[in-house]
Amino acid sequence: MQMYDIIMKKRNGQTLSKEEIYHFIDEYTRGNIPDYQVSALMMAIFFRGMDRQETVDLTMAMAHSGDVIDLSDIPGIKCDKHSTGGVGDKTTLSLIPMVVSCGCRVAKMSGRGLGHTGGTIDKLESFPGFSTSISEEQFKSQVRGIGVSVMGQTADLAPADKKLYALRDVTATVDNMSLIASSIMSKKLASGADAIVLDVKCGSGAFMKSLDDARGLARAMVDIGKGAGRRTMAVISDMDQPLGRAVGNAIEVREAIDTLMGKGPEDFTELCMQLGSRMLLMSDVCGSLDEARQVLKESISSGRALDTLAAFVKAQGGDDSYVYDPARLKIADRVTEIKAERDGYISHIECDEIGMVSLTLGGGRETKESDIDLSVGLILNKKVGDHVSAGDTIATIYASDPDKEKAAISRFAGTYLYSDDKPADRSIIIDTVD
Ligand code: URA
């Protein structure tokens, strides 16, 4: 089988066979196909697309390109959740303790962030001592013991995706539905969960800007998961403005803890309830969404979810006293309040740009090698639909470096739009796909 023929076939709009897809993935992972040929194939796929079967074959080939974690010796259904990413997305930090404290088991592989803020691992490292560099043995025994474990993605998990994603990143071929769906699902399938709840973000701060695209991606991922025998469903949630009020790393961890104390922002709390009730349903912990919602509410009011976060932080070497006293999580001390320019309603927030403000402060990575400042970030004191008077504080920036602070303040300008009329109310959940 020749790579040249595979490229030409896709360039001419034909369908690739399972054998052709497995051949190029296996040989590329082994280093036997040069990047320039795979780049050409990615571009052909970008323009010609892949059908459902090709997408499933690509996913399975990538999922089996390295280690596949076997969680079958841990009793019960192991459930995972994945978000396609957005600004202020600290969902894992609150959601996982909530569902685990209700009886769900979560064995999760997470990554570091690239772009506007850190990923889940970066945020968890705000707890002094916390580590996700744990062995597979500890990973599994922790899930058996306290019901939850988060491990850094190993180099051997879906290595084909790792190589392909890096290549797509520099050849302008990331934003193709089949390629995104297969990339995400290959890692989820290799991580071994029996049930997967997907949070597909939609809006100006997400990969998927339109609802049609978000639905398409959700459908593709759900089909792949089900095709591989895993219980899978997706929620499409709003990312036209940042989630919650905090954007950064330690500052998001504080907000996640506030949420577990029952004091979280409304949109973020609701998203955790919606995703959490589906996780409890898919894990057979609850029989209906209404029952699951009640159980989740009780996990917060009783303090059980907070205790679960503390147990999880402690099990992975972190200082759990911070969970009960989040004000100790270090936040940068150069504080700037941004004021409303006029009276009116906040009609829109440039979500991507708010992410870039956090990146400018040093809260995200420009390249995989960049260091990240966990203490910087911002609080959005006002969000879409809020009424303000000129001079009210709309956002507060926390910086640790004067030059970055200056750059962040100028980047913030123009991110808030105003209107005289109240904008229509928005719901955090836009749709579900199962
Ligand atoms: N996240 C992934 O893991 N892969 C993609 O292709 C896009 C987002």
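The values are calculated or read from the model by the stated rules, or taken from the named source; none is laboratory data. Remember, it's a predicted structure, so these values are computed and weren't measured experimentally. Cβ placement follows ideal geometry from the backbone for every residue including glycine, while neighbour counts extend to all protein chains displayed. Protein only, heavy atoms only, side chains kept; ligands, DNA and RNA dropped before computing areas. Shrake-Rupley method; radii C 1.70, N 1.55, O 1.52, S 1.80 Å.
Looking at (1) open to solvent by 20 Å² or more (accessible area, probe 1.4 Å); (2) over 28 Å from residue 94 (Cβ atoms), can you tell me which one residue 173 breaks?
Exception for residue 173: condition (1).
Among the residues that make up the range 136-148, is at least one of them more than 11 Å from the ligand (Cβ to nearest atom) and within 20 Å of the chain's Cα centre (by Cα)?
In the first step, residues of the range 136-148 are kept if they are more than 11 Å from the ligand (Cβ to nearest atom); the result is 136-148.
When the remaining residues are screened for being within 20 Å of the chain's Cα centre (by Cα), the result is 148.
Within the range 136-148 (the criterion being more than 11 Å from the ligand (Cβ to nearest atom) and within 20 Å of the chain's Cα centre (by Cα)), the answer is yes, since at least one residue qualifies.
Give me a count of the residues in the range 44-76 that are open to solvent by 10 Å² or more (accessible area, probe 1.4 Å), in contact with a Lys or Arg (Cβ under 7 Å, 6 or more places away or on another chain) and assigned to a loop (DSSP other than H, G, I, E, B).
Counting residues in the range 44-76 that are open to solvent by 10 Å² or more (accessible area, probe 1.4 Å), in contact with a Lys or Arg (Cβ under 7 Å, 6 or more places away or on another chain) and assigned to a loop (DSSP other than H, G, I, E, B) gives 1.
Starting from residues that are near the ligand (Cβ under 10 Å from one of its atoms) and among the hydrophobic types (A, V, I, L, M, F, W, C), keep the ones in the range 178-213 and report whichever is modelled with the lowest pLDDT.
Here the residue is 207.
How about the range 387-406: which of its residues are open to solvent by less than 50 Å² (accessible area, probe 1.4 Å), farther than 13 Å from residue 377 by Cα and among the hydrophobic types (A, V, I, L, M, F, W, C)?
388, 394
Answer with yes or no whether residue 277 is assigned to a helix (DSSP H, G or I), among the small types (Gly, Ala, Ser), touching a helix residue (DSSP H, G or I) at 6+ places or on another chain (Cβ under 9 Å) and surrounded by 23 or more Cβ atoms within 10 Å (Cβ to Cβ). First the steps, then the outcome.
Numbers: assigned to a helix (DSSP H, G or I): yes; among the small types (Gly, Ala, Ser): yes; touching a helix residue (DSSP H, G or I) at 6+ places or on another chain (Cβ under 9 Å): yes; surrounded by 23 or more Cβ atoms within 10 Å (Cβ to Cβ): yes.
So residue 277 passes the test.
I'm trying to understand the selection: among the residues of the range 231-268, which are without any contact (Cβ under 8 Å) to a residue 24 or more places away in the chain and in a helix (DSSP H, G or I)?
Scanning the range 231-268 gives a single hit, 266.
Within the range 293-303, does at least one residue satisfy the condition of being open to solvent by 20 Å² or more (accessible area, probe 1.4 Å) and β-branched (Val, Ile, Thr)?
Yes, there is a match, as at least one residue in the range 293-303 is open to solvent by 20 Å² or more (accessible area, probe 1.4 Å) and β-branched (Val, Ile, Thr).
In this structure, does residue 216 turn out to be of a type outside the set (A, V, I, L, M, F, W, C), surrounded by fewer than 24 Cβ atoms within 10 Å (Cβ to Cβ), over 17 Å from the mean Cα position of the chain (by Cα) and within 16 Å of the ligand (Cβ to nearest atom)? Before the answer, list the steps.
Working: of a type outside the set (A, V, I, L, M, F, W, C): yes; surrounded by fewer than 24 Cβ atoms within 10 Å (Cβ to Cβ): yes; over 17 Å from the mean Cα position of the chain (by Cα): yes; within 16 Å of the ligand (Cβ to nearest atom): yes.
The answer is yes for residue 216.
So which of 368, 383 ends up being within 30 Å of residue 125 (Cβ to Cβ), out of contact with any Phe, Trp or Tyr (no Cβ under 8 Å at 6 or more places or on another chain) and at pLDDT below 95?
Selected residue: 368, the only one of 368, 383 that is within 30 Å of residue 125 (Cβ to Cβ), out of contact with any Phe, Trp or Tyr (no Cβ under 8 Å at 6 or more places or on another chain) and at pLDDT below 95.
Consider the range 160-176. How many of its residues are over 14 Å from residue 63 (Cα atoms), more than 10 Å from the ligand (Cβ to nearest atom), in a helix (DSSP H, G or I) and in contact (Cβ under 8 Å) with a residue 24 or more places away in the chain? Spell out how you get there, then give the answer.
Keep residues of the range 160-176 that are over 14 Å from residue 63 (Cα atoms), which gives 166-176.
Pick out the ones that are also more than 10 Å from the ligand (Cβ to nearest atom) and you get 166-167, 170-172.
Next cut, in a helix (DSSP H, G or I) only: 166-167, 170.
Retained after the next criterion (residues that are in contact (Cβ under 8 Å) with a residue 24 or more places away in the chain): 167.
Total satisfying the criteria: 1.
Working only within the range 78-110, note down all residues that are assigned to a loop (DSSP other than H, G, I, E, B) and closer than 27 Å to residue 349 by Cα.
Those that are assigned to a loop (DSSP other than H, G, I, E, B) and closer than 27 Å to residue 349 by Cα: 84, 85, 86, 87, 88, 89, 90.
Taking the range 25-43, which residues are over 19 Å from residue 189 (Cβ atoms), in a helix (DSSP H, G or I) and in contact (Cβ under 8 Å) with a residue 24 or more places away in the chain?
Scanning the range 25-43 gives 27, 35, 37, 38, 39, 40, 41, 42, 43.
Do you know which residues across the range 220-236 are away from the ligand (no atom under 16 Å from the Cβ) and closer than 25 Å to residue 351 by Cα?
Passing the criteria: only 235.
Kindly indicate the residue of the range 87-96 that is open to solvent by 10 Å² or more (accessible area, probe 1.4 Å) and not β-branched (Val, Ile, Thr) and also farthest from the ligand (Cβ to nearest atom) among those meeting that condition.
Filtering the range 87-96 for residues that are open to solvent by 10 Å² or more (accessible area, probe 1.4 Å) and not β-branched (Val, Ile, Thr), the one farthest from the ligand (Cβ to nearest atom) comes out as 93.
Take residue 236 and tell me if it is closer than 26 Å to residue 152 by Cβ, touching a helix residue (DSSP H, G or I) at 6+ places or on another chain (Cβ under 7 Å) and buried (at least 22 other Cβ atoms within 10 Å of the Cβ).
no
Keeping to the range 111-129, report how many residues are surrounded by 21 or more Cβ atoms within 10 Å (Cβ to Cβ), small (Gly, Ala, Ser) and within 16 Å of the ligand (Cβ to nearest atom).
Looking only at that region, the number is 3.
Could you list all residues from the range 177-220 that are part of a helix (DSSP H, G or I), farther than 22 Å from residue 21 by Cα and not small (Gly, Ala, Ser)?
Within the range 177-220, 211, 212, 213, 215 meet the criteria.
How many of the residues in the range 133-149 are surrounded by fewer than 22 Cβ atoms within 10 Å (Cβ to Cβ) and in contact with a helix residue (DSSP H, G or I) (Cβ under 8 Å, 6 or more places away or on another chain)?
Looking only at that region, the number is 4.
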